[in-house]
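The values are calculated or read from the model by the stated rules, or taken from the named source; none is laboratory data. It should be emphasised that the depicted structure is a prediction, and the values quoted were computed from it without experimental measurement. Glycine also receives a Cβ, built like all others from the backbone with ideal geometry; neighbour counts cover every protein chain displayed.
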């Protein structure tokens, strides 16, 4: 399906999530011609700690598991994090942001 590229229904589950658990990030694409989808995880100070690339780019609902670790493999600390889902098509792109609370 070709149309306006958009991301809808982005969310994370469970949220809040306990330290040491895994988290699933959900998003839905409104078209089937997205070239790439990436998810970036940020601290509240806007420091990127993880990039999940090669995420599913299919029309409709998609999901990606995050192991709650940063790019070095270290488990993330308690606190608030932001995630950004970015879908691109040729020269166009769209981004949506969500929050994740990590608790003990």
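What to note about this one:
- When residues in segment 63-78 are screened for being touching a residue at least 40 places away in the same chain (Cβ under 8 Å), under 29 Å from residue 32 (Cα atoms) and surrounded by fewer than 16 Cβ atoms within 10 Å (Cβ to Cβ), 2 of them pass.
- Selection from segment 84-101 of residues that are without any contact (Cβ under 8 Å) to a residue 60 or more places away in the chain and under 20 Å from residue 22 (Cβ atoms): 84
For every residue, the table says whether it meets (1) within 13 Å of residue 26 (Cβ to Cβ); (2) touching a strand residue (DSSP E or B) at 6+ places or on another chain (Cβ under 7 Å).
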position	(1), (2)
50	no, yes
56	yes, yes
73	no, no
100	yes, yes
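- Some residue of segment 28-37 being over 18 Å from residue 94 (Cβ atoms) and either modelled with pLDDT under 95 or assigned to a strand (DSSP E or B) (or both): no
- Single condition residue 81 does not satisfy, out of (1) free of Cβ contacts under 8 Å to residues at least 60 places away in the same chain; (2) part of a strand (DSSP E or B); (3) within 10 Å of the chain's Cα centre (by Cα): (3)
- Boolean, residue 8 is buried (at least 16 other Cβ atoms within 10 Å of the Cβ) and either in contact with a helix residue (DSSP H, G or I) (Cβ under 6 Å, 6 or more places away or on another chain) or in contact (Cβ under 8 Å) with a residue 12 or more places away in the chain (or both): no
- Every pair of residues 6+ apart whose Cβ atoms lie under 6 Å, when the first sits in segment 42-62 and is over 21 Å from residue 8 (Cβ atoms) while the second is in a loop (DSSP other than H, G, I, E, B): 49/70; 50/70; 50/71
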